[in-house]
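Notes to accompany the following structure.
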Amino acid sequence: MSSLLSVSGLTKTYGNVTALNNISFELPGGRIIGLLGPNGSGKTTLIKIICGLLQPTSGTLTVEGNPIGVESKKVISYLPDTTYLGKSMTVEEIIKYFRDFYEDFDESRAYDMLGKLGINAKDRLKTMSKGTKEKVQLILVMSRRAHLYILDEPIAGVDPAARDYILNTIITNYDENATILISTHLISDVENILDDVIFLQQGNIVRYTSVEEIRGVEGKSVDSLFREVFRC
Amino acid sequence: MLSKLLKHEFTATWKVPVALDALLIVLGIMAYFVITGIPMVESTGVYILLFALVGIYYIGIIAANIIMQVYIVMRYHKNLYTEEGYLTFTLPVTTNSIINAKVIVGYVWEILSLICTLGSLFIAASGVLNSVDVSSAELQEFANELMSIFGVNDPRFITAMILTVVISPLSSLLALYFSVTVGQLWQKHKILGAVFCYIGLYILNQIIGQVSLFSSGFYGLMGDAATEFDSIFSTIYASMLTTTAIVQGILAVVYYVACIMITKKKINLD
């Protein structure tokens, strides 16, 4: 399988604190991968470096052979763990923004999903509840026909019904050749949709394996393995 | 992609600058009507009233310009270095395009604000001229004398003035952007870092300005002016403005390059 994302010798330090410690891995296409680890394990730092929001201290990254830059950003669809859209903008304006900048943005898909949720595209983001804002962001991110979706804590802070909707949206709106990297510590909610997991602990990859292997060979759920690995 | 960035930047920012520019013009018109409506008689009450009104007018003008600067720099900070930066810096565009769009749009609003400020002052000043008992011939003579002293007919003065008016707003805008960019390098208290950087730049700017005026011979000319005031006054101002334009131009280039390099190499979105 050809590599979609290649990370080699990646290190990120903040002063004396090492957030990522010389990690290397490759992500193939067509997989849903859980980036799992406790708080402060380096998940968000890794994601930000892949998305070009942080500069690594050392190491290299390529996305489809390109370094992080315009070409990599064309194929990465990123959902941060915070509201990142202009709060005074209407959903309609944000859709136009995405349509202008992302060639792979499917406007009709976005409106279709908004319609199913009963979200008025003329509403401003600042008038919406936190949950609705998160749904709008997810809709925008999943309306791109990207090669790599990076979702940072997509289900944190929303109610169980919304979690189901979000996970359903994720698995029904990506192309089979694309890869989804989901960062979360809510393992039990996502483990049914995962193909592979990466366990990150104190900036090190302690495990990168398939869910099939965890269940078949080790006879455990991802959640129980996570609790075992990260036991305090 | 720069054109798309410009389109969205103008769309997102036009309301506040246009409202402030309209306010500047309205203040000028109000000043005109108030000044022309006051009877110009020698009275302490009239002087106090005029003094107060002119004070309020100037405070209004200064406030509108400060709000404009703050708005432009806050937009830059918010759009690049808060949560909104997650979208801005994941767009498939180069860092140069992102910075260029901010510089161009900010500069357009700065220049429009300058034009409206001058327009407002012109309207208010015409009110004063209409109120005082001066014939148009006397006024013309006074204006000609003033233009002659300042060397307005001297091409060196005109060139230097145009260069200063074009370059100085760009330099001050880039100084603000540079300060915000440096501030985001701090792990914590990024806004405080930006403020400290701006204060440091302001002091440095003053020192560089004085040193360049010395080295350009401006103070030497000032010495000569004591004996040949009229003939050399325009030369002094042309020299001062040219030096200012050159220094501000160099600083603008330094700020711009630094903004690009820091953003490319040291981006640090928490």
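Taken together, the values in this text are just the output of simple stated rules run on the coordinates, not laboratory data. Note that the structure is a prediction, hence the values are computed from the model and not measured. Quick reminder, even Gly has a Cβ in these numbers, built from the backbone with ideal geometry, and neighbours come from all protein chains shown.
One decimal place: the segment B:Tyr58-B:Glu145 gains 28.7 nm when fully extended, by the rule 0.36 nm per residue minus the C-alpha distance. Counting Cβ atoms of other protein chains within 10 Å of each Cβ in B:89-97 and taking the mean gives 6. Annotation: for a label point projected 7 angstrom from Cα along Cα→Cβ of B:Leu192, residues of segment A:2-34 with backbone N closer than 20 Å are A:15-16. Here the spin labels are modelled as points 7 Å beyond Cα on the Cα-Cβ line, and at A:Thr127 and A:Arg31 they lie 4.5 nm apart. Its Cα gyration tensor gives chain B an equivalent ellipsoid; the semi-axes, largest first and in whole Å, are 39, 26, 16.
For the residues of B:59-68, the average number of beta carbons from a partner chain within 10 Å of their own beta carbon is 0. Segment A:190-232 gives an Rg/Rh value of 0.95, both radii derived from C-alpha positions and Rh following Kirkwood. With the helix formula -39500 (n - 2.57) applied to DSSP H stretches of n ≥ 4, the protein assembly as shown reaches a computed 222 nm mean residue ellipticity of -20500 deg cm²/dmol.
Computed from the alpha carbon positions, the gyration tensor of segment A:65-129 leads to an equivalent ellipsoid with semi-axes of 25, 14, 10 Å, biggest first. Couplings for segment A:53-69, taken from phi via the Karplus curve 6.51 cos²θ - 1.76 cosθ + 1.60 with θ = phi - 60°, read 9, 9, 9, x, 6, 7, x, 10, 9, 9, 10, 6, x, 9, x, 5, x Hz in order; Gly and Pro are left as x. Only the Cβ atoms of Lys and Arg (+1) and of Asp and Glu (-1) were treated as charged; on that basis the dipole of the protein assembly as shown about its Cα centre amounts to roughly 1080 debye. Taking the number of Cβ atoms within 10 Å of each Cβ as an exposure proxy, the fewest-first ranking of A:Ile170, B:Ile59 is B:Ile59, A:Ile170. Amide H to amide H, with H built 1.01 Å from N, A:Phe105 comes under 5 Å of A:Arg145, counting only residues 5 or more places away or on other chains.
Dividing the Cα radius of gyration of segment A:26-110 by its Kirkwood radius returns 0.99 for Rg/Rh. Radius of gyration (Cα atoms) of segment A:126-227, expressed as a multiple of 2.2 N^0.38 Å: 1.15.
Histogrammed with a bin width of 10 Å, the alpha carbon distances of the protein assembly as shown distribute as 4, 15, 22, 20, 14, 10, 8, 5, 2, 0, 0 percent, first bin at zero. Each residue of segment A:161-169 was assigned a 3J(HN,Hα) from its phi angle through the Karplus curve 6.51 cos²θ - 1.76 cosθ + 1.60 (θ = phi - 60°); the sequence is 5, 5, 4, 4, 4, 5, 5, 5, 4 Hz, with glycine and proline shown as x. Placing unit charges on C-beta atoms (Lys and Arg positive, Asp and Glu negative, everything else neutral), compute the dipole magnitude of chain A about its Cα centre in debye, rounded to 20. For chain A, the charge dipole is close to 720 debye. Placing a label point 7 Å from the Cα of A:Val229 along the Cα-to-Cβ line, the residues of segment A:1-41 whose backbone N sits under 11 Å from it are A:34-38. For chain A, dividing the convex hull volume of the Cα atoms by the residue count gives 130 Å³ per residue.
Under 37 °C and 0.692 mPa s, how fast does segment B:3-58 diffuse according to Stokes-Einstein, given a Kirkwood radius computed over C-alpha pairs? Answer in µm²/s, whole number. Rounded to a whole number, D works out at 237 µm²/s.
Protection proxy ranking, highest mean first, for peptides B:123-131, A:123-131: B:123-131, A:123-131, where packing is the per-residue count of other beta-carbon atoms within 10 Å, averaged. Here the residues A:Cys51, B:Cys197, ranked from fewest to most Cβ neighbours within 10 Å of their Cβ, fall in the order B:Cys197, A:Cys51. Distances between placed amide hydrogens fall under 5 Å for A:Tyr14 paired with A:Ala19, all partners being 5 or more residues away or on another chain. For A:Leu181, the residues whose modelled amide H falls within less than 5 Å of its own, excluding neighbours fewer than 5 places apart on the same chain, are A:Ile33, A:Tyr149, A:Ile150, A:Leu151. Each residue of segment B:12-127 gets 85 Å³ once the volume of the Cα convex hull is shared out per residue.
Under a Gaussian network description of chain B, with springs only between Cα atoms under 10 Å, the residue in B:Tyr237, B:Tyr86, B:Tyr71 that fluctuates furthest is B:Tyr86.
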